[in-house]
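Trainee: The structure that follows is given in the form of C-alpha cells.
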Amino acid sequence: MDFVNKDADHIKTAIKLFLVNNMLGINSSFAAEILLYAKIYSSTQLSKLNEDEHQCVYETMRRILSAASDEGGRTSECDLNG
C-alpha cells in the first residue's frame with residue numbers, strides 16, 4: 001500500500017507534512033501521534049518508506065482516528081468537568 005504515486009511531486013516531502021497537508025482530518029498533533037505509534041520519524045521522506053512502513057502508517061492512522069472518533073475528539077483529551 002502506497003500513500004502516493006511514486007511519480008508524484010511530493011515524494012520528497014516529510015511524512016508528517018504529507019499527512020497534515022493531504023489527509024483530511026489529520027492535524028499536526030494527530031500526525032505526530034500516528035507516527036509515534038508507527039515508530040517512524042516525522043522527517044522521513046515519503047520516498048524512503050518501504051511497503052511495510054506504508055502499511056504500518058495506514059493501519060496506525062485508522063486506529064488512531066477511529067479511537068478519536070469513538071471518544072468524540074482527540075485520543076488524549078478528557079472532559080475536566082465530568
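Trainee: Looking only at the stretch 26-54, count every residue that is in contact (Cβ under 8 Å) with a residue 40 or more places away in the chain and closer than 17 Å to ALA67 by Cα and tell me the total.
Mentor: 3
Trainee: Say whether the condition of being at pLDDT below 95, surrounded by 15 or more Cβ atoms within 10 Å (Cβ to Cβ) and within 11 Å of the chain's Cα centre (by Cα) is met by at least one residue in the stretch 66-79.
Mentor: First, the residues of the stretch 66-79 that are at pLDDT below 95: 66-79.
Restricting the remaining residues to those that are surrounded by 15 or more Cβ atoms within 10 Å (Cβ to Cβ) gives 68, 75.
Subsequent filtering for residues that are within 11 Å of the chain's Cα centre (by Cα) retains none.
Within the stretch 66-79, none of the residues are at pLDDT below 95, surrounded by 15 or more Cβ atoms within 10 Å (Cβ to Cβ) and within 11 Å of the chain's Cα centre (by Cα).
Trainee: Looking at the stretch 12-38, which of its residues are of a type in the set (S, T, N, Q) and outside any loop (DSSP other than H, G, I, E, B)?
Mentor: ASN21, ASN22, SER28, SER29, listed by residue number.
Trainee: Looking only at the stretch 39-50, decide whether some residue is surrounded by fewer than 19 Cβ atoms within 10 Å (Cβ to Cβ), in a helix (DSSP H, G or I) and among the aliphatic types (A, V, I, L, M).
Mentor: Among the residues of the stretch 39-50, not one is surrounded by fewer than 19 Cβ atoms within 10 Å (Cβ to Cβ), in a helix (DSSP H, G or I) and among the aliphatic types (A, V, I, L, M), which makes the answer no.
The values are calculated or read from the model by the stated rules, or taken from the named source; none is laboratory data. In this text the structure is predicted, and so the values were computed from the model without any measurement. Backbone-built Cβ (ideal geometry, glycine too); neighbour counts: all protein chains shown.
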